[in-house]
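Asker: Handing you this structure, nothing more for now.
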Amino acid sequence: MAGDMSSSAGDNNKKTACVTGGSGYIGSALIKLLLEEGYAVKTTVRNPGSILPSFRFSVSWLLLFRAVQIDGGGCDVIVNPTTVLPMLRIDLDLVCFLFPETPDDMQKNSHLKDLQQLGPLTVFRADMDEEDSFDDAVAGCDYVFLVAAPLNFSAQDPEKEQIEPAVRGTLNAMRSCVKAGTVRRVILTSSVAAVIRPDLQGDGHGHVLDENSWSDVEYLRANKPPTWAHCVSKVLLEKEACRFAEEHGISLVTVCPVIVVGAAPAPKARSSIVDCLSLLSGNEALLAALKGIEKTSGGVQLVHVDDLCRAELFVAEEAAAVGRYICCSLNTTVVEIARFLARKYPQYGVETNLPTDDDQQLLEKPRVSLSSAKLVREGFEFKYKTLDEIYGDVVEYGKALGILPY
């Protein structure tokens, strides 16, 4: 079910990439990079709104326009307006008027219209819970970037509401890749949540985790530290994706980003942005979340969104790329970030006298570091390596999104 630029995405002179989750923070930045690099891009969103008028109609609505035969009866069907409505001689503008998108959909997807000015971008409706939902978006693609993922930190039943949907949705998208028959490589965006080890104890600063590290699912399920279900979901979806790829002969590469910051086209920021700006915004709840990340991860590991997207494209195009890749350019702490921000932005009055005793468990230096040595060894180079470089556009982005008042 394609949007209004579907013909341009079929340019035979361009490589074609699909990015799931185009309304999201990382997805929007990756689309921008791919278009700038000359790719034709397809992307998926759950509710395209006016970008793609795809609606659930009752048969009675259809009959108002023109009689149509529905095999086997039934009172509810999914309609692809780009194929069905022209046959019914129904004006798409009229349908958009009768079935407008919600204000929230308009806001989440507004940047996609702007990105279409950069190059051929087609928007598709897809839902991770719906089998075959990604078929149209993936068809004809050279590379598929699986970025979309369910996030439900308030789930009452994390196993049913977060973990199982994450695994199921990933496999649904990968089945579409098999059907397409054109996909050279699938790039799965996982998370450092599948790598970190909250069970690592001790005051030393010698723990270095690489791609061989996996979060301990049994420990997480038994002890339930903060965001435990998110960590479990990432481990299980990675392993299921690897199993599926091996069974079906798919070239699969996984990228595990740490906390991602930096400006992106998406008009709504992900939690990592608001958490990392909490020392400037003065939001105690968000600062507590940042402290919680440090406690769970043994540090605050950062990467700029531009570097993450460049890394994803790098492992897509690099023929020798295989397995997992941690994407982390800086290992730091809440205390180090606070001191940097206090110097860089004195007008915000950042508190730097943060307790580092056992009760608060804030660290002077990271207790655990994440290593991107594999990525660098294979030829990738990070552009944003210091707090000054990483935070360079985050503050202005925060102002634009209303996270920071000035």
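Asker: Which value in nm describes the separation of the simple spin-label points at Lys14 and Leu362, placed 7 Å from the Cα toward the beta carbon?
Answerer: 4.8
Asker: Charges at C-beta only: +1 for Lys and Arg, -1 for Asp and Glu. How large is the resulting dipole of segment 114-153 about its Cα centre, in Debye rounded to 20?
Answerer: 240
Asker: Could you work out the Kirkwood radius for segment 132-287, taking every pair of different alpha carbons, averaging 1/r and inverting it, reported in Å?
Answerer: Numbers: mean 1/r = 0.0578 Å⁻¹.
Here the Kirkwood hydrodynamic radius works out to 17.3 Å.
Asker: Same structure, new question: Between Asp210 and Asp114, what is 0.36 nm times their sequence separation minus the Cα-Cα distance? Round to one decimal in nm. Could you put the intermediate results ahead of the total?
Answerer: Numbers: separation 96, 0.36 × 96 = 34.56 nm, distance 3.77 nm.
Once the chain is fully extended between Asp210 and Asp114, it gains 30.8 nm.
Asker: Would you mind calculating the gained length between Lys374 and Glu396 on full extension (0.36 nm times residue separation, minus the Cα-Cα distance), in nm to one decimal?
Answerer: Numbers: separation 22, 0.36 × 22 = 7.92 nm, distance 3.23 nm.
Taking Lys374 through Glu396 to full extension adds about 4.7 nm, to one decimal.
Asker: Here's something else I'd like to know. About the Cα centre of segment 187-258, how large is the charge dipole given +1 on each Lys and Arg Cβ and -1 on each Asp and Glu Cβ? Please answer in debye to the nearest 20.
Answerer: Dipole about the Cα centre, nearest 20: 240 debye.
Asker: Run down the lysines and flag those whose C-alpha is under 22 Å from the C-alpha of Lys179, throwing out any fewer than 8 positions away in its chain.
Answerer: Lys14, Lys15, Lys42, Lys239
Asker: Need one number: the % of Cα-Cα pairs in segment 262-330 sitting beyond the 14 Å mark. Spell out each step's value before the answer.
Answerer: On the way: 1594 of 2346 pairs.
Of all Cα-Cα distances in segment 262-330, 68 percent exceed 14 Å.
Asker: Translational diffusion coefficient of segment 292-363 at 37 °C, 0.692 mPa s, Stokes-Einstein with Kirkwood Rh over Cα pairs, in µm²/s as a whole number. Write out the running numbers ahead of the final one.
Answerer: Working: Rh = 14.7 Å.
Roughly 224 µm²/s, to the nearest whole number.
Asker: I need the Kirkwood Rh of segment 261-406: take the reciprocal of the average 1/r across all distinct C-alpha pairs and report it in angstrom.
Answerer: Details: mean 1/r = 0.0619 Å⁻¹.
For segment 261-406, the Kirkwood estimate is 16.1 Å.
Asker: Can I ask one more? Please order Ser233, Ser281, Ser23, Ser213 by the number of other Cβ within 10 Å, starting at the fewest. Write down the numbers at each step before the final one.
Answerer: Values: Ser233 29, Ser281 16, Ser23 26, Ser213 21.
Lowest to highest Cβ neighbour count: Ser281, Ser213, Ser23, Ser233.
Asker: Provide the convex hull volume over Cα atoms per residue for segment 182-274, in Å³.
Answerer: 147
Asker: Same structure again: Residue by residue through segment 276-292, what is 3J(HN,Hα) from phi via Karplus (6.51 cos²θ - 1.76 cosθ + 1.60, θ = phi - 60°)? Round to whole Hz and write x for glycine and proline.
Answerer: Per residue, the Karplus-derived 3J(HN,Hα) values read 6, 9, 5, 5, 8, 6, x, 7, 5, 5, 6, 5, 4, 5, 5, 5, x Hz.
We did not get these values from a lab; they are worked out from the coordinates using the rules stated. The shown structure was predicted, so the numbers you read here are calculated from the model rather than taken from an experiment. Ideal geometry is used to build each Cβ from the backbone, glycine not excepted, and the neighbour counts take in all protein chains shown.
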